[in-house]
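Here is the structure we will look at, set down as structure tokens.
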Amino acid sequence: MRTLLVCVPLRLDTGEVGRCPRTLHPRPSIGRLTLPGRDTGSRWEVEPPHIRARLRRYAAGGSQLARYRFSWENLPAGLLRALARDLDLNGPPAAALRDLYGARPKEQFITEAWPTLLEEWLARERKSRVAVVEELRSRGLGAAGVKVKTAAEQVGYLRSCRNATTLRKTVLTELILAGEADLAPVPNSKPPAADSPQTRVENVDVGEADGDTPSLKDFVDQTFRSVLQISELQRDDDGDIPVRSGSSMLYVRVQDNDDKPSLVIFICPLLTQVARSPELLDSLNEINLQITLGRVVLTEDRVALEAEILADTLSPVELRWAFDYVRSAADYFDSKLAARFGGTTMFSEEEEHGVEV
């Protein structure tokens with residue numbers, strides 16, 4: 001799925017989270033406002049990288065996006081077991097590492113664990129390995145003239161680097177990023193089933209739909225019957241299609257008025273009865289910096305994920321991708337937010353998961 005990203009920095013000298021982003025979020029039909037955080041570091045530490053790269057162009061070297069809380073449990077299970085073995089730790093690996101090194105690792109941990117980190121983590125994790133190799137080579141560390149195109153060559157190069165301050169700081173940064181990998185799962189786009197309808201295109205020159213073009217409501221109904229593999233869709237009193245996904249509920253709404261753009265709208269209540277706080281607003285801002293589609297908003301004591309997609313030239317693949325993305329993000333973030341800030345999700349985690357209509 002290819003996307004066009006439009007990133008418009010509005011202001012870069014804001015001292016703290018203000019009222020503007022959380023006030024305006026519910027109003028735009030497309031897009032969201034986000035606020036990068038301030039820090040003394042030089043690395044942007046939030047995904048996705050294309051947003052990070054564009055924002056970095058407008059910050060003069062010092063800004064850093066608000067970071068996610070590091071957790072040892074977010075590191076690969078195999079690495080945790082290897083660290084516990086090589087460092088002679090007892091008990092659950094993540095808990096033992098936290099007890100010994102604290103909630104967030106420091107350079108001393110890299111000093112002691114570098115051989116294990118190299119062989120059990122960087123040798124296996126391409127993204128982190130490439131980032132470390134590029135940074136160390138740019139600093140002139142390690143064997144000069146060594147090829148680093150393949151994984152084996154990159155690992156060989158890292159073995160040639162001394163366990164010195166620059167290496168430790170570089171590896172520590174990547175390790176913390178790995179431990180802050182708290183992103184929503186992004187579904188893969190899939191080709192439509194054989195019985196899916198064709199692309200819906202409005203005849204804008206004539207000003208009315210072509211005779212063979214289904215109405216937006218019929219198009220959405222046909223697509224969702226194919227996606228959900230059901231013969232009939234149920235709609236609520238508002239005309240929305242309710243679809244349960246895990247602990248969340250997604251409502252699909254069609255806007256097809258003459259005086260407004262044709263839209264398919266996704267509304268996902270994430271939490272109710274949640275207390276408003278600066279920390280909650282910061283977290284919602286961080287989520288909005290992550291997600292590709294939609295925005296997370298706070299209204300009174302309710303948090304919701306909302307998204308709209310233009311429907312005049314919408315294809316079944318695009319509609320299916322948007323549906324999968326939004327429901328996956330909603331089912332992921334509602335539990336994360338509830339665990340940290342309280343409130344009530346639409347359904348309990350203990351209840352049966354899956355997609356229900």
Residue-ordered couplings for the stretch 86-97, obtained by feeding phi - 60° into the Karplus form 6.51 cos²θ - 1.76 cosθ + 1.60 and rounding to whole Hz (Gly and Pro as x), are 6, 9, 6, 9, 10, x, x, x, 4, 5, 5, 5
Straight-line reach from Lys127: which lysines fall under 29 Å, measuring Cα to Cα and dropping same-chain residues less than 8 apart? Lys106, Lys147, Lys149, Lys169, Lys190, Lys336
Which ³J(HN,Hα) values, rounded to whole Hz and listed in residue order, are derived for the stretch 301-312 from phi using the Karplus coefficients 6.51, -1.76 and 1.60 in 6.51 cos²θ - 1.76 cosθ + 1.60 with θ = phi - 60°, glycine and proline given as x? 10, 10, 10, 9, 9, 10, 8, 10, 10, 5, 10, 4
Long-range amide H partners of Phe70, meaning residues 5 or more apart or on another chain whose placed amide H is closer than 5 Å, are none
Given an 8 Å cut-off on Cα distances and at least 6 residues of separation, report the relative contact order of the stretch 240-330 as a percent. 29
Tell me, what ³J(HN,Hα) does each residue in the stretch 261-267 have, in order and in whole Hz, if you take phi through Karplus 6.51 cos²θ - 1.76 cosθ + 1.60 with θ = phi - 60° and put x for Gly and Pro? x, 6, 9, 9, 10, 10, 10
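If you roll a 1.4 angstrom probe over the protein chains with everything in place, what fraction of the accessible area of the stretch 102-158 belongs to carbon and sulfur, to the nearest %?
Details: 1580 of 3120 Å².
Of the solvent-accessible surface of the stretch 102-158, carbon and sulfur hold 51 percent.
Under the classification rounded if a/c is under 1.5, otherwise prolate if a/b is larger than b/c and oblate if not, where does the stretch 66-150 fall, given a ≥ b ≥ c as square roots of the Cα gyration tensor eigenvalues?
Values: a/c = 2.10, a/b = 1.81, b/c = 1.16.
Verdict is prolate for the stretch 66-150.
Accessible area per residue of the stretch 93-151 at 1.4 Å probe, in Å²? Present the calculation step by step, with values, prior to reporting the outcome.
Numbers: 3360 Å² over 59 residues.
Per residue, the stretch 93-151 has 57 Å² of solvent-accessible surface.
What's the ranking of 250-261, 161-172 by average number of surrounding C-beta atoms within 10 Å, highest first? Don't skip to the end; give the middle numbers.
Working: 250-261: 14.6, 161-172: 16.5.
Sorting 250-261, 161-172 by mean packing, highest first, produces 161-172, 250-261.
The values are calculated or read from the model by the stated rules, or taken from the named source; none is laboratory data. Everything numeric here is computed off the predicted structure, so don't read it as measured data. With ideal geometry, Cβ positions are generated from the backbone for all residues, glycine too; neighbour counts draw on all protein chains shown. Calculation scope for accessible area: heavy atoms of the full protein, side chains included, ligands and nucleic acids excluded. Shrake-Rupley method; radii C 1.70, N 1.55, O 1.52, S 1.80 Å.
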